[in-house]
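Participant: This is the structure, below, for whatever I ask next.
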């Protein structure tokens, strides 16, 4: 990916609201045809950062470049080349799906044919449906379509799946992957760590307006040396010391009949199972849990994600 050109450059971005630094010295770059995610809890500075990059907010300090253009100074040249789905979006309630696409297509000197786009969005059967009659997932797919109508080089998606059910969320994820497969660059924000882990090539974790980590999801997890976990239930008393004595085990937690064992190493899972079997301890509902971005955030900030 390093040989791809940089399409978004953010250097020492700062945005103040009174005495509050909503974004405080944020720097990163996004390369062509990657999905770059900014993740973190609500209030971390994700939306303010992406709105500064889009040119919707003026930064107080720092340098921004999108497709070698300044989002403030070159807004007229930049807008036709980018697509935006905002966190807070709405259309006139009676506007039909096809009318929205046709209207937005008229805004640009160059646009894609929105008729095939209807099929790609899974909205062909809803073309004559008013906006207010669409489900939350259908409305979000429509907003993605409106962001793609001008065939943009860079697409910005802000908290795209908030409030959607799991089925709708997965459908949106497939659409985002499809955007990248067509050679587009995607910059997205989310407070769902699973979403970032599934979708993004690289992730910047923000907290209190600062980037606390930036890398690929696998590297973020691996470089922190996070523990694996095994969870299971037992119907008999368990001497925790039997498991604590295993070299690959770091700690054991027990709550009633549920036991969670933490550890590291390639043989960790086998070591625990073999010890239980050798001791004649019957277990059930065993689950292995790999560390994830949620664990990365907890390790870096000392607290769980906030809604």
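Participant: Would you check if residue 259 is modelled with pLDDT of 90 or more, in the same structural domain as residue 38 (by TED's automatic domain parsing), in a strand (DSSP E or B) and surrounded by 13 or more Cβ atoms within 10 Å (Cβ to Cβ)?
Facilitator: Judged against the criteria, residue 259 is not a match.
Participant: Within region 25-54, restricting attention to residues that are surrounded by 22 or more Cβ atoms within 10 Å (Cβ to Cβ) and part of a loop (DSSP other than H, G, I, E, B), which residue is nearest to the chain's Cα centre (by Cα)?
Facilitator: Per the stated criteria, the residue is 40.
Participant: Turning to a different aspect of this structure: Could you tell me which of the residues 141, 127 is more than 16 Å from residue 188 (Cβ to Cβ) and in the same structural domain as residue 43 (by TED's automatic domain parsing)?
Facilitator: Just a single option satisfies the conditions, and that option is 127.
Participant: Out of 275, 288, I need the residue that is more than 30 Å from residue 198 (Cβ to Cβ), surrounded by 12 or more Cβ atoms within 10 Å (Cβ to Cβ) and touching a helix residue (DSSP H, G or I) at 6+ places or on another chain (Cβ under 9 Å). Which one?
Facilitator: 275
Participant: Separate question: Search region 194-220 for residues being out of contact with any strand residue (DSSP E or B) (no Cβ under 9 Å at 6 or more places or on another chain) and in contact (Cβ under 8 Å) with a residue 12 or more places away in the chain, and hand back the single one that is surrounded by the most Cβ atoms within 10 Å (Cβ to Cβ).
Facilitator: 207
Participant: Here's something else I'd like to know. For the list (1) crowded, with 16+ Cβ neighbours inside 10 Å; (2) at pLDDT below 95, I need the number of the one condition that residue 99 fails.
Facilitator: With (1) crowded, with 16+ Cβ neighbours inside 10 Å; (2) at pLDDT below 95 applied to residue 99, the lone miss is (2).
Participant: Consider residue 102 carefully, then state whether it is in a helix (DSSP H, G or I), more than 22 Å from the chain's Cα centre (by Cα) and free of Cβ contacts under 8 Å to residues at least 24 places away in the same chain.
Facilitator: yes
Participant: Given (1) in a strand (DSSP E or B); (2) more than 29 Å from the chain's Cα centre (by Cα), where does residue 243 come up short, assuming only one miss?
Facilitator: Going through the list (1) in a strand (DSSP E or B); (2) more than 29 Å from the chain's Cα centre (by Cα), residue 243 breaks only (1).
Participant: Also, quick follow-up: Which number in (1) part of a helix (DSSP H, G or I); (2) within 23 Å of the chain's Cα centre (by Cα) marks the one condition that residue 76 misses?
Facilitator: (2)
Participant: Looking only at region 68-87, count every residue that is touching a residue at least 40 places away in the same chain (Cβ under 8 Å) and closer than 21 Å to residue 46 by Cβ and tell me the total.
Facilitator: Adding up the residues that qualify gives 6.
The values are calculated or read from the model by the stated rules, or taken from the named source; none is laboratory data. Just so we're clear, the structure is a prediction, and the values are computed from it rather than from any experiment. Note: ideal-geometry Cβ built from the backbone for every residue, glycine included; neighbour counts use all protein chains shown.
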